[in-house]
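Participant: Here you go, one structure.
The values are calculated or read from the model by the stated rules, or taken from the named source; none is laboratory data. All values derive from a computational prediction rather than experimental measurement. Cβ atoms come from the backbone with ideal geometry, glycine included; neighbour counts cover every protein chain shown. With ligands, DNA and RNA removed, areas are computed over all heavy atoms of the protein, side chains included. Shrake-Rupley method; radii C 1.70, N 1.55, O 1.52, S 1.80 Å.
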Amino acid sequence: QYITRNRQADLANEALDKQQQAVRRDILLKAKTLCLDLVLLNQEYALMEIRQKNADELEALYAKRLEAGDANILEVNKIKMERMNVQTEVAQNHAAHRTALQSLLAMNGNMPLEFSETTYPQVKEITDFNTLRDEVVASDLDLQALSFATKAAEKQVSVNKQDWLPKLQAGFRRNTDSEMSMNGFVVGGSIPLFSNRKKVQIAKAQAISAQLMQEDAQLQVENNLMALFNEMQQLKEAMNTYDVPLLYRSLDLLKQALQEGQISLIEYFVEAETVYKNLQARMQLENQYQKVMATIYKNEL
């Protein structure tokens, strides 16, 4: 009975340990998500710097053209408005960056921290859902905690069953009920034929409940994983539709065409705005993709 109780206690402690690891994992996942957002903000800021540089060069160019009579004040004002828009977006980017970094600092005990990364960590390629499901289910800390809790509940049934064993006791007693005090040894025993039946029934019900909770949790993990797997595939396909090097070359070609007078300033801004939006959309897709992958592999953090 002593050995069985110790084994039940060990299983219960294992369940608590896995729960603690799951809490730690969730904190690390939150921290990683903040880092991924900071990478996106840094990428967007780098794009804003390119946009700011182009606007500055155009402003200098059209200031000269205005003096030479080859441009009008409306075109110069259009460039100035572009610069003001970029400055506004930069300010918003810095504010969002400070907010995310402050949240990360709070999780790091307010220890000094800088984050200037502009690239994401490499993630494992996923090709087969069944392989992924087996891997994730086997490593999921919540499921491991429930598995140990189920085993502990099953072991509790054995503990309660062993309470049917006869209870023996022996000791030394001083009897003072009569006028004469007497000392002597006491030996006794009891056989709990009925008192423990309800305890065993309760333990069995709790074991069944723990098993059902484990099966339901595993089903939820698999369903959530399927949703994440489908989202990951859609994001990956969407990312592959963007030719990033071509988009950056397009910005240079547009600026060159404007400087050579092949397109008007309005045409330049319309086309350039489309390129900037496509680049930003590609960055946001990659950020979502990285977050999905981080969630899938959260138990490896």
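Participant: Return the calculated 222 nm mean residue ellipticity for the chain, to the nearest 500 deg cm²/dmol, obtained by summing -39500 (n - 2.57) across DSSP H runs with n ≥ 4 and dividing by the residue count. It would help to have the intermediate numbers written out before the result.
Facilitator: Numbers: 7 runs with 226 residues, N = 301.
Calculated from helices alone, the mean residue ellipticity at 222 nm is -27500 deg cm²/dmol.
Participant: Another question, if that's okay. For the chain, what is the relative contact order in percent, using Cα pairs closer than 8 Å and at least 6 residues apart in sequence? Don't skip to the end; give the middle numbers.
Facilitator: On the way: 259 pairs, mean separation 81.4, N = 301.
Reported relative contact order: 27 percent.
Participant: Between K277 and D26, take the C-beta separation as r, use R0 = 30 Å, and let me know the FRET efficiency to the nearest 0.05. Could the numbers behind the result be given before it?
Facilitator: Details: r = 35 Å, r/R0 = 1.15.
The computed FRET efficiency comes out at 0.30.
Participant: Another question about this same structure. Between V221 and D17, how many nm apart are label points set 7 Å from Cα along the C-beta direction?
Facilitator: For the pair V221/D17, the computed spacing is 1.8 nm.
Participant: Right, something else. Only four residue types carry charge here, +1 at the Cβ of Lys and Arg and -1 at the Cβ of Asp and Glu. Report the dipole size of the chain about the Cα centre in Debye, rounded to the nearest 20.
Facilitator: Values: 34 positive and 40 negative charges, 427 e Å.
It works out to roughly 2060 debye.
Participant: Let me ask something additional. Along the charge dipole of the chain, which of Y289, Q102, N224 sits closest to the positive end, that is, farthest toward it, with unit charges on the beta carbon of Lys, Arg, Asp and Glu (+1, +1, -1, -1)?
Facilitator: Among Y289, Q102, N224, the one farthest towards the positive end of the dipole of the chain is N224.
Participant: Now for a different question. Could you do me a favour and compute the accessible area per residue for the chain, 1.4 Å probe, result in Å²?
Facilitator: 63 Å²
Participant: If you roll a 1.4 angstrom probe over the protein chains with everything in place, what fraction of the accessible area of the stretch 199-301 belongs to carbon and sulfur, to the nearest %?
Facilitator: Details: 3060 of 5920 Å².
The computed percentage sits at 52.
Participant: Please list D37, D142 in order of solvent-accessible area, largest first, computed with a 1.4 Å probe with all protein chains present. Display every interim value, and only then the final one.
Facilitator: On the way: D37 45, D142 70 Å².
Per-residue accessible area, sorted high to low, gives D142, D37.
Participant: Could I ask something else about it? What list of ³J(HN,Hα) couplings, whole Hz, do you get for the stretch 78-84 from phi and the Karplus terms 6.51, -1.76, 1.60, once you set θ to phi - 60° and write x for glycine and proline?
Facilitator: 4, 5, 4, 5, 4, 5, 5
Participant: Separate question: Rounded to the nearest 0.05, what FRET efficiency do I73 and D243 give with R0 = 41 Å and r taken as the Cβ-Cβ distance? Could you check?
Facilitator: On the way: r = 37 Å, r/R0 = 0.91.
E between I73 and D243, to the nearest 0.05, is 0.65.
Participant: Quick check: the distance between the Cα centres of the stretch 85-114 and the stretch 5-31, to the nearest angstrom?
Facilitator: Going from one Cα centre to the other spans 33 Å.
Participant: Could you order the peptides 197-209, 233-245, 105-117 from most to least packed, using the average number of other C-beta atoms within 10 Å per residue?
Facilitator: Values: 197-209: 14.8, 233-245: 13.1, 105-117: 10.3.
Per-residue mean Cβ counts within 10 Å order the peptides as 197-209, 233-245, 105-117.
Participant: Among [x] 73, 22, 12; [y] 51, 17, 14; [z] 54, 17, 15, which is the computed semi-axes √(5λ) of the Cα gyration tensor in Å?
Facilitator: Answer by label: [x].
Participant: Express the carbon and sulfur contribution to the solvent-accessible surface of the stretch 57-140 as a percent, rounded to the nearest whole number, probe 1.4 angstrom.
Facilitator: On the way: 2930 of 5630 Å².
Summing carbon and sulfur atoms, their accessible area is 52 percent of the total for the stretch 57-140.
Participant: At 0.36 nm per residue, and after removing the present C-alpha to C-alpha distance, how many nm does the segment from Q92 to K80 gain when stretched out fully? Intermediate results must be reported in sequence, preceding the final value.
Facilitator: Working: separation 12, 0.36 × 12 = 4.32 nm, distance 1.86 nm.
This chain segment gains 2.5 nm when fully extended.
Participant: A follow-up question, please. Calculated FRET efficiency, S209 and S158, Cβ-Cβ r, R0 22 Å, to nearest 0.05? Mind dumping the intermediate values first?
Facilitator: Working: r = 17 Å, r/R0 = 0.77.
The pair S209/S158 has a calculated efficiency of 0.85.
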